[in-house]
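Note sheet for the following structure.
The values are calculated or read from the model by the stated rules, or taken from the named source; none is laboratory data. These numbers were taken from a predicted model, which means no experiment stands behind them. Virtual Cβ from ideal backbone geometry, glycine too; neighbours counted across all protein chains shown. Only protein heavy atoms, including side chains, enter the accessible area calculation; ligands, DNA and RNA are left aside. Shrake-Rupley method; radii C 1.70, N 1.55, O 1.52, S 1.80 Å.
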Amino acid sequence: MRAHHQRNSSLVTDLAATIAAIPSAIRMVLEPKTGSQCDYGSFEDTRPLQDPIANGTEPAGATETNAVPEVDDLSQEPLIPQEWALKFPPSPRRLSPQHVKIDIPTPAIRDKSAFPPEKLKTLYAFLLMSCSMVATTVTLAMVHERVPDRNEVGPLPDVVLDHVKENQFGWGLYSSEILIMCSTTATFLVVFFHKHRFIVGRRVFLILCLLYLMRCVTMSVTVLPMANKTYYCSPKANSTSFLLIAGRALHLLSGFGLSINGQHVYCGDYLYSGHTVILVLCYLVIQEYTPRRCRLLHWLAWSAAVAGMVFILISRAHYTVDVVVAYYVTTRLFWIYHTLANNLELKQSGPNNFLGRVWWFPAFRYFEANVGAVVPKQFEWPFPRRIFAKHPNREC
């Protein structure tokens, strides 16, 4: 029994010694891959060769082919040739003086923190727009008393109006206002269903506020004579008072500044055209905040804007200069505003930022301070889905 235990212990000792000797006797070397069955490496026996003849232990039938082959030269070469390293050196981390650094705009950030709703700011922008609209109606109520008498002063020479007879296209003004109502409805739906509706709405409100404020100035500083002698104007009071001006302003506001409902009965709001401002601004908003694949909507909005301006001119509701100035002011203000809003470096005033010298730049910085990227053209359902979700206790 004791001899059996001794034999087992000796076998375990020999096995442990054999396993311990393997790491030092065998190493893995790289070999060229010559076939589909060849691996990238093989094991090489590095144990010293023993001369079987000197030890007198040469087995019968042993030949020279039983000897371990020598290590191939490929096992000593690096994985990447030296000529490749010299031909393709690693690029330096620092730019040399010959390099030019170009800032490529990054894609729109989808993080919610970059587009905070800031509903209170949107409310402030809406109040500013409302105040500017009231100021415009008050200005028109006062300018009405300064309009030259149509019986004494005729229309000014105009490149378009000179070729259009009065009342030849009397339906043009009403047609343009129908297009205005369609365009404003489409723009409202675009803003309402936009994912960042409060940011887009805030921008529209502020731009409208600026346009109406500048219109107050242009209407009051230069009063043009009537372009159409047959257009109805309310009789002049030949005197002004606070109650008179307030009553006229409320009368104009009740009709939203349109003639189709019969509330726009005061004259003098020529330079520049408010109808053109709304038509052009609606097109710009639809084109800017809807995806490019909505080409049909873009073309419809553009067609409505162009047709509306043509109808305004052929109806002799405005001079050509009124429409041209309105288009120019609206497009430039919209593009300047969005250029500032879409470039973070332009939101800071500096000696080289000439766009930061516009008079409304402080208001712009306040409303756009926390918008961190270009607003993506995304839409969503504005109402909570749980309102339309099926109640667990409801059968239908």
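Does TYR232 qualify as being crowded, with 16+ Cβ neighbours inside 10 Å, in contact (Cβ under 8 Å) with a residue 24 or more places away in the chain and among the aromatic types (Phe, Trp, Tyr)? Taking the combined requirement at face value, the residue does not satisfy it.
Every test in (1) of a type in the set (D, E, K, R); (2) open to solvent by 30 Å² or more (accessible area, probe 1.4 Å); (3) modelled with pLDDT of 90 or more is passed by ARG386 save one, and that test is (3).
A single entry from ARG203, ARG197 fulfils the requirement of being among the basic types (Lys, Arg), at pLDDT 95 or above, out of contact with any strand residue (DSSP E or B) (no Cβ under 8 Å at 6 or more places or on another chain) and at negative phi: ARG203. If you check THR330, THR290, THR339 for being modelled with pLDDT of 90 or more, of a type in the set (Ser, Thr, Tyr), buried (at least 20 other Cβ atoms within 10 Å of the Cβ) and on the phi < 0 side of the Ramachandran plot, only one passes: THR330.
Cβ-Cβ distances below 8 Å connect the following pairs, each with a first residue in region 269-283 that is within 11 Å of VAL323 (Cα to Cα), a second residue that is basic (Lys, Arg), and a separation of six or more residues or different chains: TYR272/ARG215; GLY274/ARG215; VAL277/ARG215.
Of all positions in region 299-315, at least one carries a residue that is over 20 Å from GLY201 (Cα atoms), part of a loop (DSSP other than H, G, I, E, B) and over 20 Å from the mean Cα position of the chain (by Cα). Scanning region 345-360 for residues that are touching a helix residue (DSSP H, G or I) at 6+ places or on another chain (Cβ under 8 Å) and not charged (D, E, K, R) yields LEU346, GLN348, SER349, GLY350, ASN353, LEU355, GLY356, VAL358, TRP360. Just one of the listed residues (SER176, SER183) is assigned to a helix (DSSP H, G or I), at pLDDT 95 or above and within 16 Å of TYR283 (Cβ to Cβ), namely SER183. CYS233 meets all of the listed conditions (1) touching a Pro at 6+ places or on another chain (Cβ under 6 Å); (2) over 24 Å from HIS338 (Cα atoms) but one, namely (1).
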